[in-house]
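**Student:** Here's a structure for you.
The values are calculated or read from the model by the stated rules, or taken from the named source; none is laboratory data. Just so it is clear, the structure is predicted and the values come from calculations on it, not from any experiment. No Cβ is skipped: glycine too gets one built from the backbone with ideal geometry, and neighbour counts run over all protein chains shown. Surface areas here come from the heavy atoms of the whole protein model, side chains and all, with no ligands, DNA or RNA. Shrake-Rupley method; radii C 1.70, N 1.55, O 1.52, S 1.80 Å.
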Amino acid sequence: MTPNPIQDESRKSYELPRTLAWSGGVDGTLALLDQTLLPHRVKNRVCSTAEDVWNAIRELCVRGAPAIGVAAAYGLCLGTRPFRRQSRDDFLAKTREICAYLESSRPTAVNLAWALGRVSKAAQSHPSASVGEIWDAMLAEAHELAREDMETCRRIGEVGAHLIPEDGGVLTHCNAGALATVAYGTALSLMYIAREQGRKFRVYADETRPLLQGARLTAFELSAAGIDVTVLCDGAAASLMSSGKVQLVVVGADRIASNGDTANKIGTLGLALSAKYHDIPFYVAAPRSTFDLSLPDGGAIPIEERPEAEVRGGFGVDVVAPGVRCFNPAFDVTPVELITGIVTEVVLLEPVTAKNIKQIFERGA
Ligand code: MRU
């Protein structure tokens, strides 16, 4: 597989463990950086079955919309591998079954279904091939998805880097960085490219309760890249904006409806409302694979609800009195009226309209 540029030996400050990597050939395994252990332990979880990948996605060992898509693509290869000697019809039936199973791991990020769809299509588009050859084509497609993800994320950074304010402050939420993708990230890609361009800026990372992706992951990867980053409690974001220290808010996305309404990590809606009040531009950065044109608006986006225990205790001791209920939606939907623009790998959509969203799917790569 193409090496991760963020790990390039010649750029020491960019050294980051890889989010995911397939190792070996037909008998290979998928190594996922276990993000539940970061930033204190850098350890891979090795997956050799679809169940391993399903659990890794559900437990947020691998997370972030593009990364779970690529992980699931490899998961489909792992899950169908034992059936390489079956008849074509049986193999394709198994492929559909495992695809549905992997898709059930997390409901909000559309990249998951999109990536599984790409690998399933590769399975179906070789009518005269043997089952072994079909499987090889599926693995090749998963590799291609991983390669494309890296290229796409870099392009997102190149399209949007000019938005990073010189000597200014950028606020981000959750982790939409290299750890959420194969490399570079989406929202954080703008920062990596701006830094490559020699620009100076400060990043404020919301800690992102309850699972602390901002504190544990965004701060980890930005500081590894030598970018000035400060972590704040989610509740401090509005006050930070009113202090004048933030000139840009940029976040990732898990699913964008055809009108531009955007689902992202819980707390994003509050940031967008506050940014509007403080007259601070609010951008979303996402690849085209995060758009779901089958949905008219954000009301139709399925929102994952996670276990109460994550709010009750998260990564530490329980802080809520026994018997008290906890509410734990993992995502919220920001209406398009609050979004200044969407940075994609092909163009910056600004303003965001159903018409210009449609157009980015009508053009080539
Ligand atoms: O629950 P997570 O950690 O998977 O949530 C991730 C996010 O909300 C990200 O902002 C989004 O997936 C974009 S990642 C490039």
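**Student:** The stretch 174-211 to the stretch 35-80: how many Å between their Cα centroids?
**Tutor:** A separation of 21 Å, based on Cα centres.
**Student:** Placing +1 at every Lys and Arg Cβ and -1 at every Asp and Glu Cβ, with all other atoms neutral, what dipole size does the chain have around its Cα centre, in debye to the nearest 20?
**Tutor:** 240 debye
**Student:** Also, quick follow-up: When DSSP beta bridges are limited to those with both residues in the chain, what percentage is antiparallel, rounded to the nearest 5? Mind dumping the intermediate values first?
**Tutor:** Working: 18 of 36 bridges.
In the chain, approximately 50 percent of DSSP beta bridges are antiparallel ones.
**Student:** While we're here: May I ask you to give the average projected area over all directions of the convex hull of the Cα atoms of the stretch 158-362, in nm² rounded to one decimal?
**Tutor:** On the way: hull surface 46.2 nm².
Projected area, direction-averaged: 11.5 nm².
**Student:** What is the Cα coordinate range of the stretch 4-153 on the first, second and third principal axes, sorted by size from largest, in whole angstrom?
**Tutor:** Computed over the Cα atoms, the extents are 49, 30, 25 Å.
**Student:** For HIS278, what accessible area in Å² do you get when you roll a 1.4 Å probe over the heavy atoms of the protein chains, rounding to the nearest 10?
**Tutor:** 50 Å²
**Student:** How much of the accessible area of the stretch 158-362, in percent, comes from carbon and sulfur atoms when a 1.4 Å probe is used?
**Tutor:** Answer for the stretch 158-362 is 55 percent, counting heavy atoms of protein chains only.
**Student:** Another question about this same structure. Across every pair of different alpha-carbon atoms, what Kirkwood hydrodynamic radius in Å does the chain reach? It would help to have the intermediate numbers written out before the result.
**Tutor:** Details: mean 1/r = 0.0484 Å⁻¹.
The answer is 20.7 Å.
**Student:** By a straight-distance test (C-alpha under 15 Å), which aspartates and glutamates pair with LYS265 as possible cross-link partners, with residues fewer than eight away in the same chain excluded?
**Tutor:** Correct list for LYS265: ASP206, GLU207, ASP234, ASP254, GLU304, GLU305, GLU310, ASP332.
**Student:** For the stretch 278-365, state the average projected area of the convex hull of the C-alpha atoms over all orientations, rounded to one decimal in nm².
**Tutor:** With every direction weighted equally, the projected area is 8.5 nm².
**Student:** A further question on this structure: For the stretch 118-164 and the stretch 271-325, what is the centre-to-centre distance using only Cα atoms, to the nearest Å?
**Tutor:** 28 Å
**Student:** Next question. By per-residue mean of other Cβ atoms within 10 Å, what is the highest-first order of 291-297, 266-272, 344-350?
**Tutor:** 266-272, 344-350, 291-297
**Student:** Still on this structure: If amide H atoms are built 1.01 Å from N in the plane of the peptide, which residues on other chains or at least 5 residues away come under 5 Å of the amide H of TYR204?
**Tutor:** VAL170, LEU171, THR172, THR230
**Student:** A further question on this structure: Please give every one of the lysines within straight-line cross-link reach of LYS94, meaning a C-alpha to C-alpha distance under 30 Å, and leave out same-chain neighbours fewer than 8 residues apart.
**Tutor:** LYS121
**Student:** List the aspartates and glutamates whose Cα sits under 19 Å from the Cα of LYS355, skipping any in the same chain fewer than 8 residues away.
**Tutor:** ASP261, ASP292, ASP297, GLU337, GLU345
**Student:** If I fit a long axis through the Cα atoms of helix 131-160 and take the longest principal axis of the Cα atoms of the chain, what angle between them do I get, 0 to 90°, rounded to 10?
**Tutor:** On a 0 to 90 degree scale, this one is about 20.
**Student:** With a probe of 1.4 Å, find how much accessible area the chain has per residue, and write the answer as a whole number in Å².
**Tutor:** Numbers: 14620 Å² over 365 residues.
With the other protein chains kept in place, the chain gives 40 Å² per residue.
**Student:** Now a separate question. Which value, in Å² rounded to 10, gives the accessible area of PHE201 with a 1.4 Å probe and all protein chains present?
**Tutor:** 20 Å²
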